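Notes follow the structure.
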Amino acid sequence: MRDENNTPYQAKEKAGCIGITISFLFPIIGLIIYYVKRDSVSNPKAYLYAALLMILIGTLIGTFA
């Protein structure tokens, strides 16, 4: 299979569960992984969403604690 530039199409791998877990536990690393892997992974937003979810949870816990 070939893409629009007539080069062979390479299937991209999905975001790994270990990377998503690290993104959730350490949001700054999740943001870094997102920007590094955004061209080589088929769903890089999973890293971003995990990091943003933890930032939101941390903010809510900090606000109501």
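Tell me which residues, restricted to segment 10-19, are part of a loop (DSSP other than H, G, I, E, B) and either modelled with pLDDT under 65 or loosely packed, with under 10 Cβ neighbours inside 10 Å (or both).
Q10, A11
What number of residues in segment 36-65 are touching a Pro at 6+ places or on another chain (Cβ under 6 Å) and either part of a loop (DSSP other than H, G, I, E, B) or open to solvent by less than 70 Å² (accessible area, probe 1.4 Å) (or both)?
So the answer is 3.
Please work out which residue is surrounded by the fewest Cβ atoms within 10 Å (Cβ to Cβ), limiting yourself to segment 23-35 and to residues that are hydrophobic (A, V, I, L, M, F, W, C) and closer than 29 Å to A11 by Cβ.
L25
The values are calculated or read from the model by the stated rules, or taken from the named source; none is laboratory data. Everything numeric in this text was worked out from a predicted model, so none of it was measured. All Cβ positions, glycine included, derive from the backbone under ideal geometry; neighbour counts span all protein chains shown. The area values use the complete protein model at the heavy-atom level, side chains included, leaving out ligands, DNA and RNA. Shrake-Rupley method; radii C 1.70, N 1.55, O 1.52, S 1.80 Å.
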